[in-house]
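*Asks:* This is the structure, below, for whatever I ask next.
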Amino acid sequence: MSNFLGWKKGDWGAYFGLLANNLTNFFTMAGLLIFAVGLPAEFVYTRVAPGFGLAIFIAGFFYWYAGRNLMKRTGRTDVTALPSGPSAPSIFIVVFLVIMPISRSTGDPYYALKVALGWCFLEALVELSGAFIGDWLRRIIPRTVLLSALAGLGLLLLAMNPILQSFEAPYVSFVVIAVIFINWFGKKPVFPKIPTGFLILAVGTILAWVFGQMNPAGITDGLKTIGVSVPLLQIADLFTGIPPALVFLISAIPLGVTNFIFTLENIESASAAGDDYNVRNIMLANGISSIIGSFFGNPFPTTVYIGHPGWKSIGAGIGYTLVTGFSVFLISLFGLGGLFLGIIPLSAVFPILFYVGIVVAKQAATESPQNEIPALFVCLFPWIANWALTLLNNTLSAAGTNAAAVGLEAFTKAGVYHRGLVALGSGAPISSILWGCLVVFAIRSQSKFAIITALCAALLTYTGVIHSPSVGFGLQPTIAIGYLLIAVLFIYKHFMDGDDKTQGQIQTMPDQTA
């Protein structure tokens, strides 16, 4: 069985880390639908959660199967599968931009959920478009940029919050982090016969119970949610929701584009680590699993997760992604999530995500040419602003106010450049790539591509895809003009340098041919 699954010792660590990531999103989804939208808990756990788990399982199966095919094609046994799960940004976007407004305006949260199913279906179609243009994008965007943008995502969105949460429970997390340093960064592991993933979970769980972090009541509450709920086909609800969902294409299109950009970055990251997956097949898997999930009542699309180089570095194979998907499906099928959370502390798992973020950032530094390293740091800034903006908005919301009520003058007096924070932090997944491209093309003296990049940035800015909190025309005209001026500068440089034909061709990095 282990040979069929492609299971290795390192799969244990990858399994626990990916499972924790998926379960976190699972409970975020359930909590928002129950407490923010007002749907009955029984409805969420019996009608939405099974489809949610099914979509994750299907995605896990696709990526496991892709790993098996790569093993057969290359004859290698050290292939690591791509991790996957629900798109975390889409959970918040679907709830706050689709379900809640419709629920409040109509007074019918069930109808709002139908529209969300239609939105998910449309978003998946946008994501499927990546299967046809993904290879083209991968050829024209330098590897340094793809890896650097992913490093920003890994450090700020994957690693930062877990390390902050670790400092809130140091008696548990610090020991777990030390085990990670020794076993996954070092060469002489402690308890080498015990899989590190299991060791981390066991040590963290024991410490959490010993120091009183866990409450036995959590187990009692978890037992109450146990019950069988099979996925129900909800195609009629889906097609009822598609026509009204067309209004929300303005949010579905940017998110779909962002999701396939994330996928592209992760495919490039896997390639740099030695596993060269077919772009079209992976992007088709994303879209198809999201569509199937919407058929069974899940309004949240799936995506490829960051973390492949981290799981590969600990010796994971292809089995962990399939077993994780199957585990999430079983948890949603039998309502076991609450019980697991009642036994295992998240503070024992968060450090694993911190480790993955570090490894992804390390890959960007080691797999990029030395002269292109500046792009790595430039790509970080949109992600830093995005994280800081989210933190600021959440803080203001917790205080019962917002940025408009506080006022720009008050922010400026406090040394907080809120207008710049909004501009730089909005659309970070795409703007980080654009700024990275400008840096790399400047380093390579590829002025033609820099001109195209600046013009694309101006267009995306003018339409609100980047640098604006919402999509719309002319929201940031001064920034759009700034990009046009960059284009003018590179036009001047192009003519000053002369029409060198070698500059008009994409220079593929030496290590990209692997």
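*Asks:* In the stretch 94-159, with Lys and Arg counted as +1 and Asp and Glu as -1 at Cβ, which of these residues, Ser103, Leu158, Ile141, has the Cα nearest the positive end of the dipole, that is, farthest along it?
*Replies:* With unit charges placed on the Cβ atoms, the residue in question is Ile141.
*Asks:* I'd like the distance between the alpha-carbon centres of the stretch 257-291 and the stretch 205-231, rounded to an integer number of Å.
*Replies:* Rounded to whole Å, the Cα centres lie 35 Å apart.
*Asks:* At a threshold of 8 angstrom on Cα-Cα distance, excluding pairs fewer than six apart, so keeping six or more, what relative contact order does the stretch 163-249 reach in percent?
*Replies:* On the way: 29 pairs, mean separation 18.8, N = 87.
In percent, rounded to a whole number, it is 22.
*Asks:* Oh, and also: Can you compute the helix-only [θ] at 222 nm over the chain? Use -39500 (n - 2.57) per DSSP H run of at least 4 residues, normalise by all residues, nearest 500 deg cm²/dmol.
*Replies:* -21000 deg cm²/dmol
*Asks:* From the square roots a ≥ b ≥ c of the eigenvalues of the alpha-carbon gyration tensor of the stretch 289-328, which class results: rounded (a/c under 1.5), prolate (a/b over b/c), or oblate?
*Replies:* Cα axes put the stretch 289-328 in the prolate bin.
*Asks:* What is the local net charge at Gly436, summed over the other residues whose Cβ is closer than 15 Å to its Cβ (Lys, Arg +1; Asp, Glu -1)?
*Replies:* Within the 15 Å Cβ shell, the charges total -1.
*Asks:* Assign one of three labels to the stretch 439-483, namely rounded, prolate or oblate, based on the Cα gyration tensor with a ≥ b ≥ c the square roots of its eigenvalues; rounded applies when a/c is under 1.5, prolate when it is not and a/b is larger than b/c, and oblate otherwise.
*Replies:* Prolate, since a/c reaches 1.5 and a/b exceeds b/c.
*Asks:* Using +1 on the beta carbon of Lys and Arg, -1 on that of Asp and Glu, and nothing else charged, what's the dipole of the chain about the Cα centre, debye to 20?
*Replies:* I would put it at about 680 debye.
*Asks:* Also, quick follow-up: Take the alpha carbon gyration tensor of the stretch 1-106, find the square roots of its eigenvalues, order them as a ≥ b ≥ c, and report rounded if a/c is under 1.5; if not, report prolate when a/b exceeds b/c, else oblate.
*Replies:* Verdict is prolate for the stretch 1-106.
*Asks:* Once each part is reduced to its C-alpha centroid, what is the distance from the stretch 59-76 to the stretch 108-128 in angstrom?
*Replies:* With the stretch 59-76 and the stretch 108-128 each reduced to a Cα centre, they are spaced 30 Å.
*Asks:* I've got another one for you. Over every pair of different alpha-carbon atoms in the chain, take the mean of 1/r and invert it; report that Kirkwood radius in Å.
*Replies:* Across the chain, the inverse of the average 1/r is 23.8 Å.
*Asks:* Span-like helices, the chain: DSSP H, alpha-carbon axial extent 24 Å or more, mean Kyte-Doolittle 0.0 or greater, which ones? Please list the in-between numbers first.
*Replies:* On the way: long enough: 11-31 (29 Å, 0.40); 49-74 (38 Å, 0.50); 109-128 (28 Å, 1.08); 249-272 (34 Å, 1.03); 279-295 (25 Å, 1.05); 350-366 (25 Å, 1.47); 373-398 (38 Å, 1.29); 477-497 (30 Å, 1.37).
Correct list, ordered by number: 11-31, 49-74, 109-128, 249-272, 279-295, 350-366, 373-398, 477-497.
*Asks:* Oh, and also: Which of the lysines could a cross-linker bridge to Lys312, judged by Cα under 30 Å and excluding same-chain residues fewer than eight apart?
*Replies:* Lys8, Lys9, Lys72, Lys187, Lys188, Lys193, Lys362
*Asks:* Still on this structure: Return a whole-number percent for the relative contact order of the stretch 1-146, with Cα pairs under 8 Å and 6 or more residues apart as the contact set.
*Replies:* For the stretch 1-146, the relative contact order is 19 percent.
*Asks:* How much length is gained on full extension from Phe340 to Leu455, taking 0.36 nm per residue of separation minus their Cα-Cα distance?
*Replies:* Extending this stretch completely gives an extra 36.4 nm.
*Asks:* Then there's this: Near Leu255, within a Cβ-to-Cβ distance under 12 Å, what is the net charge of the other residues, with Lys and Arg +1 and Asp and Glu -1? Before the final figure, lay out each step's value.
*Replies:* Numbers: positive: none; negative: Glu123, Glu127.
Local net charge: -2.
*Asks:* Work out the charge dipole of the chain with +1 on the Cβ of Lys and Arg and -1 on the Cβ of Asp and Glu about the Cα centre, then indicate which of Phe441, Phe211, Ser87 is farthest towards its positive end.
*Replies:* In the chain, that residue is Phe211.
*Asks:* While we're looking at this one, here's another question. Under the √(5λ) rule applied to the eigenvalues of the Cα gyration tensor, what semi-axes describe the equivalent ellipsoid of the stretch 216-336? Give them in Å, descending.
*Replies:* Square roots of five times the eigenvalues give 28, 25, 12 Å.
A short reminder: the numbers here are calculations on the coordinates, not readings from a lab. What you see is a predicted model; the values in this text were computed from it and never measured. Positions of Cβ are backbone-derived with ideal geometry, glycine not excepted, and every protein chain shown enters the neighbour counts.
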